[in-house]
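These notes concern the structure reproduced below.
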């Protein structure tokens, strides 16, 4: 059986979360910080630690079967890869930002202006869609200082919290694209069965992060009202308690509406609600 190869960031904002995800999938590997290749001891997989800009091309060229990288990097490198799974971390936005004291007030005001960026390919396409003719200046490094140095009238860069923009006297002006970490694959891979097994592990971990395991007690008279509020994976489990009129209900609740659902359950008569994290959910 051929060994799979997956490429992830060696360092940077996606490294820690990528390693955490793979560890949570039950993969055992070590020494990733001191080596560019780390074998997994309990699955036919090797982990390649690369620069994020190199990951899409490694996957496209077949050096790696899979990769974890930001959507922004894929679009900037313009490679031919398959999107296999969004991973829910590394979320950010590529934005055009302008100085606080600028006279640029509308998108049309960008015509004839200069914009500094490390994402010239994405920015060029975005401006073309808006029929904006601007001077794109490609810069590597700290793009945020460009307006202050007189190198550009605006910038286009990744924004997470906006703190870096604020500290450099800039403000977000226009959205270009949203990005998050994704699992990518090479088209026509020979190891489809192994890839699908790894994807199943990843999806089970992602589902678990989106849900909470809940156990609650309720009078039998209120059971129907409580069950009506519970989605569950299929349906909740109901277990009799020592007291004849009471039962325990076991279920899962989506993280996104957890607190609203808990309030509704209490109003319906649920008591002794215990909430626990879930490690994995396999459908």
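The values are calculated or read from the model by the stated rules, or taken from the named source; none is laboratory data. It should be emphasised that the depicted structure is a prediction, and the values quoted were computed from it without experimental measurement. All Cβ positions, glycine included, derive from the backbone under ideal geometry; neighbour counts span all protein chains shown.
Using the structure shown, decide if residue 105 is more than 24 Å from the chain's Cα centre (by Cα), at pLDDT below 95, within 30 Å of residue 58 (Cα to Cα) and assigned to a loop (DSSP other than H, G, I, E, B). Talk me through it step by step, then tell me what you get.
Numbers: more than 24 Å from the chain's Cα centre (by Cα): yes; at pLDDT below 95: yes; within 30 Å of residue 58 (Cα to Cα): no; assigned to a loop (DSSP other than H, G, I, E, B): yes.
Against the criterion (more than 24 Å from the chain's Cα centre (by Cα), at pLDDT below 95, within 30 Å of residue 58 (Cα to Cα) and assigned to a loop (DSSP other than H, G, I, E, B)), residue 105 does not qualify.
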(Q) Contact list please: Cβ distance under 7 Å, first residue in the range 252-271 and at positive phi, second residue not in a helix (DSSP H, G or I), pairs at least six apart or on different chains. (A) 269/218; 269/219
Q.
Out of the residues in the range 236-258 meeting the condition of being in contact with a helix residue (DSSP H, G or I) (Cβ under 8 Å, 6 or more places away or on another chain) and more than 23 Å from residue 208 (Cα to Cα), tell me which one is surrounded by the most Cβ atoms within 10 Å (Cβ to Cβ).
A. 247
Q: Sort through 222, 217 and tell me the only one that's within 17 Å of residue 271 (Cβ to Cβ) and not in a helix (DSSP H, G or I).
A: 217
Q.
Let me spell it out: the conditions are (1) assigned by TED's automatic domain parsing to the domain that holds residue 14; (2) modelled with pLDDT of 95 or more, and residue 217 meets all of them except one. Which number is the exception?
A. (1)
Q. From the list 142, 167, which one is free of Cβ contacts under 8 Å to residues at least 40 places away in the same chain, under 21 Å from residue 72 (Cβ atoms) and either in the same structural domain as residue 129 (by TED's automatic domain parsing) or surrounded by 17 or more Cβ atoms within 10 Å (Cβ to Cβ) (or both)?
A. 142
Q. Out of contact with any strand residue (DSSP E or B) (no Cβ under 7 Å at 6 or more places or on another chain), without any contact (Cβ under 8 Å) to a residue 12 or more places away in the chain and closer than 29 Å to residue 123 by Cβ: does that describe residue 76?
A. no
(Q) Conditions first: (1) in a helix (DSSP H, G or I); (2) touching a strand residue (DSSP E or B) at 6+ places or on another chain (Cβ under 7 Å); (3) in contact (Cβ under 8 Å) with a residue 40 or more places away in the chain; (4) surrounded by fewer than 18 Cβ atoms within 10 Å (Cβ to Cβ). Residue 121 passes all but one, so which condition is the exception? (A) (2)
Q | Count - residues of the range 82-102 that are assigned to a strand (DSSP E or B) and over 26 Å from residue 196 (Cα atoms) | A | 8
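Yes/no per residue for (1) touching a helix residue (DSSP H, G or I) at 6+ places or on another chain (Cβ under 7 Å); (2) in the same structural domain as residue 20 (by TED's automatic domain parsing); (3) outside any loop (DSSP other than H, G, I, E, B):
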position: 80; (1), (2), (3): yes, yes, no
position: 109; (1), (2), (3): no, no, yes
position: 133; (1), (2), (3): no, no, no
position: 151; (1), (2), (3): no, no, no
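Test residue 157 against the criterion of being in contact (Cβ under 8 Å) with a residue 40 or more places away in the chain and surrounded by 20 or more Cβ atoms within 10 Å (Cβ to Cβ), and give yes or no.
Numbers: in contact (Cβ under 8 Å) with a residue 40 or more places away in the chain: yes; surrounded by 20 or more Cβ atoms within 10 Å (Cβ to Cβ): yes.
Answer is yes for this residue.
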Q: Kindly indicate whether any position in the range 23-42 is surrounded by 16 or more Cβ atoms within 10 Å (Cβ to Cβ), more than 14 Å from the chain's Cα centre (by Cα) and assigned to a strand (DSSP E or B).
A: yes
